[in-house]
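What follows is one structure encoded as structure tokens, with my remarks underneath.
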Amino acid sequence: MSSNFITTEDGTQIFYKDWGAKTAQPIVFHHGWPLSADDWDAQMLYFLGQGYRVIAHDRRGHGRSSQTDTGNEMDTYAADVAALAKALDLKDAIHVGHSTGGGEVARYVGRYGGEGRVAKAVLIGAVPPIMLKTEANPEGLPLDVFDGFRKALADNRAQFFRDVPAGPFYGFNRDGAEVSQGVIDNWWRQGMMGGAKAHYDCIKAFSETDFTEDLKAIDVPVLVMHGDDDQIVPIDDSAHKAIMLLKNGTLKVYPGYPHGMATTHAEVINADLLAFFKG
């Protein structure tokens, strides 16, 4: 197992993990906001055990990567992934993105996924096509919601990063939920490792970026996985719309599952991912 950095054209250092045989099919995991590659622990260990090469990076400004004050938007995020894929010479890779990472996957695969680099893609609780309410997307969330995120982050990021995982992210605010303090603490730990400026900018990136054309451009098979009790990225304005734009997409809806279902229901999600990978 190895952990490394690459340096992008603008001098940003991107941290990544690369575990498993270099001859095995690679799976690249793309994390949500404001987390890090560590959010994929349950998947990295499982698929390493299944014989895959597993890779996960910390998005610029997040985790152990450089705390950037520029380039914190989807075009640059996707370019960073392209640089990583080139550095590792990834071919026939499967790209799996959660939440903001799902947007990153859509943009990367839509723009850079040719020449045999990408075999399949997965969007889990992902933000595409677009979260923000606009004239073209009247079902979206109003700008006030994301302005509230920005204010909470600027006022008291440490408390905000307690409240999100303790509440809606994992559905721990639902009656009867089995709350894990360790999961909450781990979310907070990952979030506080990143840079406040990058996290602030990323709110605009995940909420206002329109991925419609990216989704239309993707030719490889795509599995769209979404919980119907996702309180962070509501399913009606994300997965149900994304599946209509994909050429070769499959939608799987999980009744009652929260936004962070890859953690709370890892056994189910991992099994379904494996079936898709081998299908």
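Can you name every residue in region 140-150 that is more than 14 Å from Ile232 (Cβ to Cβ) and surrounded by 12 or more Cβ atoms within 10 Å (Cβ to Cβ)?
Leu143, Asp147, Arg150
Restricting region 42-68 to residues that are assigned to a loop (DSSP other than H, G, I, E, B) and either out of contact with any strand residue (DSSP E or B) (no Cβ under 7 Å at 6 or more places or on another chain) or free of Cβ contacts under 8 Å to residues at least 12 places away in the same chain (or both), which is surrounded by the fewest Cβ atoms within 10 Å (Cβ to Cβ)?
Ranking the qualifying residues of region 42-68, first place goes to Gly51.
Would you check if there is a residue in region 139-146 being out of contact with any Gly (no Cβ under 7 Å at 6 or more places or on another chain), of a type in the set (Gly, Ala, Ser), closer than 17 Å to Gly227 by Cβ and modelled with pLDDT of 95 or more?
No, region 139-146 contains no residue that is out of contact with any Gly (no Cβ under 7 Å at 6 or more places or on another chain), of a type in the set (Gly, Ala, Ser), closer than 17 Å to Gly227 by Cβ and modelled with pLDDT of 95 or more.
Which residues, counting only those in region 148-181, are touching a Ser or Thr at 6+ places or on another chain (Cβ under 9 Å), part of a helix (DSSP H, G or I) and over 22 Å from Lys204 (Cβ atoms)?
Within region 148-181, no residue meets the criteria.
Identify all residues within region 1-34 that are touching an Asp or Glu at 6+ places or on another chain (Cβ under 9 Å), farther than 18 Å from Gln50 by Cα and in a loop (DSSP other than H, G, I, E, B); write none if there are none.
Thr8, Thr12, His31, Gly32
For Tyr200, are the conditions met, namely being aromatic (Phe, Trp, Tyr) and touching a Gly at 6+ places or on another chain (Cβ under 7 Å)?
So Tyr200 fails the test.
Does region 224-249 hold any residues that are more than 19 Å from Lys120 (Cα to Cα), β-branched (Val, Ile, Thr) and either in contact with a Gly (Cβ under 6 Å, 6 or more places away or on another chain) or part of a loop (DSSP other than H, G, I, E, B) (or both), and which are they?
Residues satisfying the conditions are Ile232, Val233.
How about region 81-92: which of its residues are under 17 Å from the mean Cα position of the chain (by Cα) and surrounded by fewer than 24 Cβ atoms within 10 Å (Cβ to Cβ)?
Listed by number, the residues that qualify are Ala82, Leu84, Ala85.
From the list Val179, Val164, Val145, Val105, which one is touching a helix residue (DSSP H, G or I) at 6+ places or on another chain (Cβ under 9 Å) and within 27 Å of Ile94 (Cβ to Cβ)?
After applying the criteria, what remains is Val105.
Given the options Lys241, Lys204, Lys197, name the one that is touching a Pro at 6+ places or on another chain (Cβ under 6 Å) and either in contact (Cβ under 8 Å) with a residue 40 or more places away in the chain or not charged (D, E, K, R) (or both).
Going through Lys241, Lys204, Lys197 in turn, the sole match is Lys241.
The values are calculated or read from the model by the stated rules, or taken from the named source; none is laboratory data. Everything numeric in this text was worked out from a predicted model, so none of it was measured. For neighbour counting, all protein chains shown are included, and Cβ atoms are generated from backbone atoms with ideal geometry for every residue, glycine included.
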